[in-house]
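Quick note: the coordinates plus some simple rules give every number you see, no bench work behind them. Only a predicted model underlies this, so the values are computations on that prediction, with no experimental measurement involved. For neighbour counting, all protein chains shown are included, and Cβ atoms are generated from backbone atoms with ideal geometry for every residue, glycine included.
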Amino acid sequence: MPRSPRLVNWTKMAVATLGVAWLMCGIAPAKDTDPLYLQSPFDEITLDENNNNAVLKVKPLNLPGRKVPAPADRKGDLEIELVEQAGQTFAVAWGAVVKVRLFEELVLAEAQQRVQEGRFDEAYAYFRSLEAKTPPVVGLKDAIESCLYTQIGASFTAGRQDEAMTLLAELSGRNPQRTGLSKAYERVSLELAKSRIAEGNFRAARKLLSNLAERYPETKTTSVAEFETMLKDKATALLMQTKTDLAAGKLREAHEAAGKMLETWPAIEEGKQLAAELHQKYPLLSVGVISPLAAAPAKPSDDWASVRTGRLLGRPLAEAGSGESDGAFSSSFGELSRPKGNAQVVLKLKDGLKWQEPPRILRAQDVVRTLLSAATPKTPGYDESFAKVLAGVEVGTEGEIRAVFVHPQLKGEAWLQRCLPGYGPYKLANAAPQQVSFVRQAAYFGGAAGIQPSEIIERTYPDAAAAIQALRRGEVSMVDRISPWDLRRISSGDEFTVEQYALPRVSVLLPNPRRLLLANRTLRRAILYAIDRESILRRGLLTGQSIDGCEVVSGPLPRLPFSDDARPSGYDPQVEIRPYDPAVASVLVAVAMQEAASSAAVPSKSLTLAFPAEPIARIACESISRQLELVGLQITLKEIPAGLAAGEDYDLLYEELVMQEPVVDVWRLLGPGGVSGECSSAMLLALRSLEQAKDVKQATLRLQEVHRVAAAELPVVPLWQLVNHFAYHKSVKGVPTRPIGLYQDIEKWQVELRVPLE
Amino acid sequence: MTRTVSIAILILPVLSLRGLAADDTAPVAWELLPYRIQLLVAVEANASLPPRLADELPVDLAARVPAVVGGAWRLQASAAPVELRHPILHSLNDVTANELPATAKKGDKVILLGVAAGQDGFLVRARELDLVTGLWNTTVTRNVRQGASVKQEALWCLLSAFAPHARIEKVDAKTVTLKLRAAALARREADLPLIPSGTVFRPVLVKSDARGAIVAGPVETIDWTYLIPTQSKISSSSFTASIETGLTGSVIAEYHPTRLRLALGVSPSQDSTKVKLLAEGSAAPLEGYEVAAQEPEAAGKPGTTTSFGRSGADGIVVVPPSLNAVRTILIRHGEEVLARLPLVPGLAEEITISLADDRPRLVVESALRRIQDDLIDIVARREVLVSRIKAAGATSNTASADKLKDQLRKLPSIDSFLAELANQQQAAEALEGSARSKMLQKLGDIRKLAEKLKAENPASKL
């Protein structure tokens, strides 16, 4: 901006005659509470005694290269613009200026102050802003290195060795020659290795030691050697333990000792041969799970652990094929047929099937007993929906088993997805919260001896991240469920395969049918409007990722990403997904309360939301709880321990539905005696109409009507559907693509010896 | 015993009536006419009971009854014949009049009483056959823990199983005046109520001669109708009762000189009744119909509704007993109450109710409810958006206001609802009877709401 000579003169006079007082009145103390680096830049000028040592806050000075000239070069006037009088420039005689502090110096000083105070995170924000400046700020590099070094010391002292190691890597990257770096690196590495060993993570400990030796070779023979000797000794002891257990026939114990041995020191002499010999005798598979099995499931259930392990403990009489488009049923017990239309399903048993211990021939009566038991109240496997469709079970003249239905069933085989008790490839050997083990059944007919694992151990982890870590370090060879937000932690590659399950699970809130308030459909609609399902799904669960098949749904039926002629989904995409609208929800809550009051019930806004103890349900329900409270409902969260039933003390229950065969599963969910409780007259009408469908095309249309009734009446509050993934090490062979459950085709699995990487 | 009835007045030919006082040439005054009752007792042989109870109990009861009822009963008690013992003890509800010995059927009533071993002691059960009308009363039951109490409880059962006669003297719109038989006969304790607590009456029309004496002939029962005493304790021969009926119009016939309008007592029972719902015409079981009871008013508040569940594939719902003998049951399908009927649980083991096929109406109702819900949501969403737009305008937040206005414009069109209502109009018009008029009425109400919403321009509120 061109300068006005009159103004310059006037300013000079002002500075000379009126003194600094006048100028000072224009300088207001900094009132900004923002960190300095975020404020508008300014420089600071200190005047001489004649000007009462005034400190002026001025707009950044126009200095060549943003460098304050040497005293000898300070001649003439310094042009300034006071921050508080923007737009007016003044000239100050260089002679009156005793000190100039540029904005960069001020920011740096404040950053160093933060470092001294131990407020490292704040200091880095200052440093980052300075690093973005050109030309480079003088003293910044040293300041950052000092900061890092100081923080490394602080982290080390506080026992945060992981953090210290990360900072060391950063410092080393900035200045590998920095004094004291090698000593610090050694100390932190050794301390970290010590804690990794204590955690049992020998692979990480070995990696730390090898990194240290590589970076600072002088440690090879000193500190690193000391640790390596310790590890070798430990591995040798485990080798001896393995041999002892093997000799004593304690194969599982020997397996565990051998695994630890190789994990501790893979290169131990004889180690690999011994482990291979043992593995040949007793292949063992460890699986990391989040939801452990508490007890063997008595009947079909949506519980994750029951669905997973059900296939180990019992082979269903009828099974649907895996993959995206193969929904046809078959039976490993014999031949399935539907000779009289859809009124009955016939199973002709193969000859010579054996079961139980000691083994005996499986007879048709054994199967009949199982099916009748499932239809008999007060038996452990009683399934009310099954009881309502089954007219009877009989043994035909040729020994075939006939399940006769009250009404024709388009997918009658799906009702036969029931297991004979104890008739599975594995039996439950031990169930504890931290570890559940299954051992192979000698009498089981379905698998070739010596192929599938002799034992499967399911180890429980608090979340998928911990399970993935265990997978990486070799503690387990599979993880049964990867939370969507943890999918980024692992991907298919040379070492691991990440696979998707065939069908999405539909997350819903099940209203307790015995709670009067939840019988009000207006309230259920209010609850739906109150939940920001899109946000919980996209941000809370998928953490911004886009995964095909994961989406908000308008009803309890899954929306399949592919067209499937064998297995109709019945999802009606024309049904509007009700939007998130808490204001509308509040209005509907008030309407529902009025309706409840008029029906002589005592309206209460307190609801208990129960959910299974696993991370996805926990995150979802915490969010749902907050959102329901925003519309005036008081929510009490209740976590149901793994393996336990929800009981009666809840109003809403978070559940993930497996709609494997919707034509049948809608009865279990929505039909009379189904999970959702009372079946309305309209729903029953829709279900009966579905039952009369002659083919898949008709069934699809009628399922869509079921979907529309469910979306209108909300017997369950639909949330979203999630596509789930599992991961496994390449040493596990024969795992099918897109299985329905983890252990599908377990009979074809083969587990190779997994030797930890050096 | 299974009874099949439809909602109509049925004429049942029953036993040949012998008349209330067949041996009298002139009728005795109604209030002075005692009951002639035959009591047949069966006692199960049980080590816990006194060894001679089977012999002693009839004698004991015959001796104790006059102390309670005075001269109103002329009771003859005896042990049940051998062939009746097992049915009395184990299937009392299934005993028929034909199984009773002819000698027992000479008076006004036969009461069967059995004492059998129960889960926690003994089970005393009694049931009465009224010989005048040929109708069985409910079975009354008493669980007895101690053998020593059996005689006392047997007396209670005997008194409770008794179904008194009353004559319908006067019929008003919703009440009747009744005159109790034998009420004027001397009683030892004048304070005792004339009829057991909880007893209700069912109206029965029997033939009489010109002098009022009952003559043999068929009786007319009036189904789904009970007379409930308006006072809890009846202490005079004349009393009033309210008419609870599932029928429309005048349910009790006018006075006629050769017809006695009798009211026969019904005792509260601990037994349930299976209500079987069938489709008119096809007799196919009706599934998914809810059966509930409308409980009586309590402390001035309307009674609650107790649901007994929905009928299964067999069309059956079990109605349990309550403290009151009569329960008013509601049969609902969807939101519609299709029938409202009084019923005494335990009076029949199973009753059948035939109803018209309601499925076409339900389809329309379900569709209308969906439209109604969606309209309510639209109203709420519209009002909320208008409020938000106003709030945004007040703070000069034009960007936010524009965004909200866009959301307002994008709300589902009311025209689509009106089109759907037009579709449902056709379906509703195809219905018949009251279902048609009710659905058309409902549809009209919803259309009015939709048209009002359409006429209201939400933008005009801004």
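With a/c under 1.5 counting as rounded, go ahead and sort chain A into rounded, prolate or oblate using the C-alpha gyration tensor (a ≥ b ≥ c being the square roots of the eigenvalues; past the cut-off, prolate if a/b is larger than b/c, else oblate). Oblate shape, in that a/c is at least 1.5 and b/c is the bigger or equal ratio. Dipole magnitude for chain B: computed about the Cα centre from +1 point charges on Lys and Arg Cβ and -1 point charges on Asp and Glu Cβ, it is near 960 debye.
For the residue pairs B:Lys109/B:Lys207; A:Lys220/A:Lys260; A:Lys605/A:Lys638; B:Lys403/B:Lys448; A:Lys299/A:Lys748, the C-alpha atoms sit more than 22 angstrom apart in A:Lys220/A:Lys260; B:Lys403/B:Lys448; A:Lys299/A:Lys748.
Taking R0 as 51 Å, what FRET efficiency do you get between A:Glu79 and A:Val498 from their Cβ-Cβ distance, rounded to the nearest 0.05?
Values: r = 64 Å, r/R0 = 1.26.
That gives a FRET efficiency of 0.20.
Mind checking B:371-382 for the average number of partner chain beta-carbons within 10 Å of each residue's beta-carbon? Spell out each step's value before the answer.
Values: counts 1, 0, 7, 4, 0, 6, 11, 1, 2, 11, 7, 1.
Counting other chains' Cβ atoms within 10 Å and averaging over B:371-382 gives 4.
Subtracting the Cα-Cα distance of A:Gln365 and A:Thr46 from 0.36 nm times their residue separation leaves 104.6 nm of extension gain. Between helix B:414-429 and chain B, what is the angle of the helix's C-alpha long axis to the longest principal axis, kept within 0 to 90° and rounded to the nearest 10? Taking the Cα atoms of chain B, the angle to B:414-429 is about 30 degrees. Extension gain for A:Ala70 to A:Thr221 (0.36 nm times residue separation, less C-alpha to C-alpha distance): 49.0 nm.
So what's the gap between the Cα centers of segment B:238-256 and segment A:482-540, to the nearest angstrom? First find each Cα centre; the distance between them is then 60 Å. Straight-line reach from B:Lys174: taking Cα to Cα under 22 Å and skipping same-chain neighbours fewer than 8 places apart, the lysines in range are B:Lys233, B:Lys301.
Packing-wise, with mean Cβ within 10 Å as the measure, how do A:541-552, B:119-130 rank, highest first? Mind showing how you got there, number by number?
On the way: A:541-552: 15.4, B:119-130: 21.2.
So the peptides A:541-552, B:119-130, ranked by packing, come out B:119-130, A:541-552.
Most exposed first by the Cβ proxy, i.e. fewest other Cβ within 10 Å, how do B:Met439, A:Met165 rank?
Fewest to most other Cβ atoms nearby, the residues stand as A:Met165, B:Met439.
With the crude spin-label approximation of a point 7 Å out along Cα→Cβ, what separation in nm comes out for A:Thr150 versus A:Ala267? If labels sit at A:Thr150 and A:Ala267, their model points lie 4.2 nm apart. Dipole of segment B:2-266 computed with +1 at Lys/Arg Cβ and -1 at Asp/Glu Cβ about the Cα centre; of B:Ala148, B:Ala216, B:Ala190, farthest Cα towards the positive end is B:Ala190. Other residues with beta-carbon under 9 Å from the beta-carbon of A:Glu263 carry, at +1 per Lys or Arg and -1 per Asp or Glu, a net charge of +2.
How much FRET efficiency would the formula 1/(1 + (r/R0)^6) give for A:Thr179 and B:Thr395, where r is the Cβ-Cβ distance and R0 is 41 Å, rounded to 0.05? Working shown, then result.
On the way: r = 59 Å, r/R0 = 1.45.
It comes to 0.10.
Placing unit charges on each Cβ (+1 for Lys and Arg, -1 for Asp and Glu) gives the protein assembly as shown a dipole about its Cα centre, and among A:Ala364, A:Ser454, A:Pro408 the Cα reaching farthest toward its positive end belongs to A:Pro408. Between B:Ser387 and B:Glu83, the modelled labels are 8.0 nm apart [label points 7 Å from Cα along Cα→Cβ]. For B:His333, neighbours were defined as the other residues whose beta-carbon sits under 9 Å from its Cβ, and their charges (Lys and Arg +1, Asp and Glu -1) total -2.
When shorter helices are ignored and each DSSP H run of at least 4 residues is given -39500 (n - 2.57), the per-residue value for chain A at 222 nm works out to -11500 deg cm²/dmol. Computed from point charges on the beta carbon alone (+1 for Lys and Arg, -1 for Asp and Glu), the dipole magnitude for segment A:258-311 about its Cα centre is near 240 Debye.
Positive-end ranking of A:Val658, A:Val137, A:Phe120 along the dipole of chain A, with charges on Cβ about the Cα centre, is headed by A:Val658. Charge dipole of the protein assembly as shown (Cα centre as origin; +1 on each Lys and Arg Cβ, -1 on each Asp and Glu Cβ, all else neutral): 1180 debye, rounded to the nearest 20.
Taking beta carbons within 10 Å but only from partner chains, what does the mean come to for residues B:332-342? Present the calculation step by step, with values, prior to reporting the outcome.
Numbers: counts 1, 4, 4, 3, 1, 0, 0, 0, 0, 0, 0.
Mean number of neighbouring Cβ atoms from other chains: 1.
For chain A, the longest principal axis of the alpha carbon atoms and the long axis of helix A:271-281 meet at an angle near 30°.
Computed from backbone phi, the HN-Hα couplings of segment B:402-412 come to 5, 4, 5, 5, 5, 4, 4, 5, 7, 4, x Hz, rounded to whole numbers (Karplus: 6.51 cos²θ - 1.76 cosθ + 1.60, θ = phi - 60°; Gly and Pro given as x). For the pairs B:Lys105/B:Lys151; A:Lys75/A:Lys99; A:Lys183/A:Lys207, flag any whose C-alpha to C-alpha distance is greater than 22 Å. Beyond 22 Å between Cα atoms: B:Lys105/B:Lys151. Taking a straight line from the alpha carbon of A:Lys340, these lysines sit under 24 Å away, with near neighbours fewer than eight places off in the same chain left out: A:Lys348, A:Lys350, A:Lys388, A:Lys411, A:Lys694, A:Lys697.
Using 1/(1 + (r/R0)^6) with R0 = 45 angstrom and r between the beta carbons of A:Ala198 and A:Arg128, what's the FRET efficiency to the nearest 0.05?
So, using R0 = 45 Å, E works out to roughly 0.80.
In degrees, nearest 10, range 0 to 90: what is the angle between the Cα axis of helix B:359-394 and the longest Cα principal axis of chain B? Tilt of helix B:359-394: around 40 degrees. Fewest neighbouring Cβ atoms within 10 Å first, the residues A:Ser189, A:Ser625, A:Ser606, B:Ser387 line up as A:Ser606, B:Ser387, A:Ser625, A:Ser189. Remark: spin-label model distance B:Lys454-B:Ser437 equals 2.7 nm, labels positioned 7 Å along the Cα→Cβ axis.
Taken over the C-alpha atoms, segment A:275-358 has Rg and Dmax values of 17.4, 56 angstrom. By the gyration tensor of its Cα atoms, with a ≥ b ≥ c the square roots of the eigenvalues, what is the shape of segment B:209-299: rounded for a/c under 1.5, prolate for a/b over b/c, or oblate? Oblate shape, in that a/c is at least 1.5 and b/c is the bigger or equal ratio.
Give me the net charge for the shell around B:Gly121: Cβ to Cβ below 13 angstrom, other residues only, Lys and Arg +1, Asp and Glu -1. Intermediate results must be reported in sequence, preceding the final value.
Details: positive: B:Arg142, B:Arg145; negative: B:Glu44, B:Asp120, B:Glu153.
Here the charged neighbours net out to -1.
Amide H contacts of B:Leu75 (H built 1.01 Å from N, in plane; Pro and chain starts excluded): B:Ile37 sit under 5 Å, all sequence-distant by 5 or more or on other chains.
Other chains' Cβ within 10 Å of A:706-719 residues: what's the mean?
Numbers: counts 0, 0, 3, 2, 0, 1, 7, 4, 1, 0, 0, 0, 0, 0.
Averaged over the peptide's residues, the number is 1.
Descending by average beta-carbon neighbour count within 10 Å, the peptides A:138-147, A:703-712 line up as A:703-712, A:138-147, the highest first. A helix-only calculation puts chain B at -9000 deg cm²/dmol for mean residue ellipticity at 222 nm, using -39500 (n - 2.57) for each DSSP H run of at least four residues, averaged over all residues.
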